[in-house]
Structure formats: C-alpha cells, structure tokens
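Step one of this worksheet: look at the structure below.
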Amino acid sequence: MIQIRRQLHQIPEAGFAERKTQQFILDFIAELPQEHLEVKTWRTGVLVKIRGLQPSRTIGWRTDMDGLPIEEETGYEFRSIHPGYMHACGHDFHMTIALGILVHFAYRPAKDHILIIFQPAEEGPGGALPMLHSEEFQAWKPDLLFGLHIGPDEPTGTIATRPGILFANTSELFINLTGVSGHASLPHRSRDMVIAASQLAMQLQTIISRNVDPLDSAIITLGKVTIGTKQNIIPGQARLEGTIRTLSMESMDNIKSRIRSLVAGIETGFECNAQIDWGANYCQVNNDTDLTEEFMEWARQDGTVDVVSCQEAMAGEDFGFFLQDIPGFMFWLGVDSPYGLHHPKLAPREEAIPTGIELMTRYLRWKSEQP
C-alpha cells in the first residue's frame, strides 16, 4: 500500500479534474475479487459497495481525491509529475487507506454493506454537497459515515478527535475593487485602488477584534492581493482574496454582514465600485457525540493506537456536509510531519498507512457486528 501511495502522490489533480486518479482507482478495483463488489462513478469520483453477508444497513467510509496548486519541494524520488500541483493535504494517504480498507473487505466481507466513497474536489470548489445530492450517492446512501484526515502535528500511532465540532465553518472571500487608473503625476484624476485596497485590508482585521465575541473563535485571512502593473501607473483595479473561518454559523453570518458594510464604506469613501464573491462555503465538521465517544473508547480498548481528545481546529473540510445528513465522525491520524498541511515540503510518515488501514478495518467490522 505504501507503493500505491507513492503512485497516487505523483498524479495530483485539481478538483473535478481527477481523471488519472479516478482511472487508477477503477483499475485497482478491477484487480480485486468481484463477487461482492458493485461500482458506480459520479463525475470524477468513485463509489464502491462491498455487499454484506447478512446486511441490515450500510456503513460508509469517505476519502477525498484532489491535490493542490503547489509546486512540490519534498525532494521525493516519487515527487509529483504534474508541474505546479502536489498532494500537499494528504489526500494520497487518505485514498491509500481507503483502498486498503477496500482490499480487506473485498476478500472478507462484513455482515453489513460497506460503502467506500472516493469524493472529488474537497479543496474546491467542493465535491461533498453535490455528491451527497447525486442520484448515485442517494441510491447507496449509508446509514453511518466515517473518515479521517492526516494530522502532521500528531505522532504516528496516535489518533485525535472529539465529540461535536472538529473543523470550522469556512468561506472563501474575493473582493474586486474598480476605480479609475491614470498617470502617477495626476492622482487627482484617478481613483487609486492601491489606497482603497490597503484601507480595506486593514479594516477587515478589525472585524475579528471588534465585532466577534472574544470567547468565540474566528479568522479572516487575506492570502493574495493583486494590484497594479507598473510603478508610475495609478491602478484602477484591485483584487483581494482570502478566507473566513468560524466555529458557529452565527459568527459567519455576522462577519459577512460586517464585510458588506465595510466594503460599502470603501465604495463611498474612494468613489469606486466593489463586488464580493463568497466562493466555496463549507459547513463545520460536527462529529456525532455518541458515535465519537463510542469510537474513542473502542480504540482505547483496541490498544493499538494512542487516543487523544483534541481541540477544535480552524481548518475546513467539506465532509461536514455529509455529517449534516448522516451520523458519523472524522478524526486526525497522526503522521508526524515537520511541515504542515498545504506546505510544499509536507512529508507524512508512511508508517501511518498500515496503522490507519488496520485500525479502521477492525473498527468497521466490529461496528458491522453491533445491533
């Protein structure tokens, strides 16, 4: 399975463009015993049902598939062969563990149906919600659904999770400002978007410090600002790109309201036009309390991993859309990387792959045997 991970690591693809990845998965499935398998595709995703021996329900396991637009700097011999793209969020690990679980149950079916879900476009524009509503998914909709995410900050041999909110609500943020460009010597004839964008960038940070309850948690991060073409031209266009993250929908709604107000003020104050695009919006990953507590206790008794109760993370994951509709949970799988998620040098320890496969095949089989 480590070799499988390395092959997947070499072919990261953008959301809804995971064609090589989808074909790799389909070819892998074709080599397994087919007696208990059924396969559906949805866009660039794959759903695999392993029919149970005495099924009364369907238990689901979800993995994501896409990579990120990052130039890899790991130095791996098996580095990405797609320039400018990298599996910098561990989806190669996630898919490998899902394939390992699939192999186990293809040879040794459980009592209940097991559904392995390969979901595209987690990094954007968001594949979970449209997949959830798809005819293909609804035909095999699981009664329970579980998933994991690699945790670079956790040691290998450790899992970390918590009942309730694990990951935050997230929203992309894109703001376009349009003024009037002109010659640097004639500022009075222009509407300078350098100044307007700079003012707006500073004002946006006051939302967290002055409009959000200090006991709540929220983030506004601007990761990209694009303005201008030459030092002696006053630019009439500016674009700010960022992200919003909150632990409650109330805070998300409040922050978006304040952003609208501040942008309207920029329009008035700098005599420009502004457009806001909220991009992809992901809801919080809210772990089912009873199932999560049961799993944590089961894992402690299993004794093969250390079980840690963690805090909420401000990371985003569209797995939350599934959990709005299906009971389940997600957990961190420790991979002990010196570099974090979305870093060009992310280097998760491959020993975590068999840990994840073996732990979850035991748990899913145990869960299948419960009334």
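Structure data summary
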| item | result |
| --- | --- |
| Phi-based couplings in Hz for the stretch 63-68 (Karplus 6.51, -1.76, 1.60; Gly and Pro marked x) | 10, 9, 10, 8, x, 10 |
| Surrounding net charge for Glu136, when Lys and Arg each add one and Asp and Glu each subtract one, Cβ distance under 15 Å | +3 |
| Percent carbon-and-sulfur accessible area, the stretch 302-371, ignoring ligands, DNA and RNA, probe 1.4 Å | 46 |
| Accessible area of the stretch 169-281 belonging to carbon and sulfur atoms, whole % at 1.4 Å probe | 51 |
| Average accessible area per residue (Å²) across the chain - probe 1.4 Å, nucleic acids and ligands excluded | 43 |
| 10 Å-binned pair-distance histogram of the chain (Cα, whole percent) | 5, 22, 29, 23, 12, 6, 2, 0, 0 |
| Under 19 Å from Lys256, Cα to Cα: aspartates and glutamates that are on another chain or at least 8 residues apart | Glu172, Asp213, Asp216, Glu241, Glu267, Asp277 |
| Set of lysines with alpha-carbon distance to Lys111 below 29 Å, sequence-local pairs under 8 removed | Lys40, Lys49, Lys141, Lys367 |
| Sequence-separation-based contact order of the chain, relative, with Cα cut under 8 Å and 6+ spacing, percent | 23 |
| Charge tally in the Cβ shell below 10 Å around Pro83, where Lys, Arg are +1 and Asp, Glu are -1, Pro83 excluded | -2 |
| Considering only the chain, percent of DSSP beta bridges that pair antiparallel, nearest 5 | 70 |
| Accessible surface of the stretch 40-112 [probe 1.4 Å, protein heavy atoms]: carbon and sulfur percent | 50 |
| In Å², nearest 10: area of Arg162 left accessible to a 1.4 Å probe | 50 |
| Full-extension gain in nm, Arg189 to Gln23, via 0.36 nm per residue minus C-alpha separation | 54.1 nm |
| Cα pair distances of the stretch 169-281 binned at 10 Å [whole percent] | 14, 45, 27, 11, 3 |
| Cα Rg over Rh - the stretch 239-284, Kirkwood | 1.02 |
| Computed E for Ser248/Val39 - FRET, C-beta separation, R0 35 angstrom, nearest 0.05 | 0.35 |
| CD proxy at 222 nm, helix term only [per DSSP H run n ≥ 4: -39500 (n - 2.57); per residue of the chain; nearest 500] | -11000 deg cm²/dmol |
| Projected label distance in nm at Asp153 and Phe174, using a 7 Å step from Cα toward the beta-carbon | 3.0 |
| Degrees between helix 249-270 axis and first principal axis of the chain (Cα, 0 to 90, nearest 10) | 20 |
| Total formal charge among the other residues, if their Cβ is under 15 angstrom from that of Gly182, Lys/Arg +1 and Asp/Glu -1 | +1 |
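The values are calculated or read from the model by the stated rules, or taken from the named source; none is laboratory data. Here the structure is a predicted model, which means the values were calculated and not measured. Here the Cβ is made from the backbone with ideal geometry for all residues, glycine too, and neighbour counts use every protein chain on show. Accessible surface areas use protein heavy atoms only, side chains included; no ligands, DNA or RNA. Shrake-Rupley method; radii C 1.70, N 1.55, O 1.52, S 1.80 Å.
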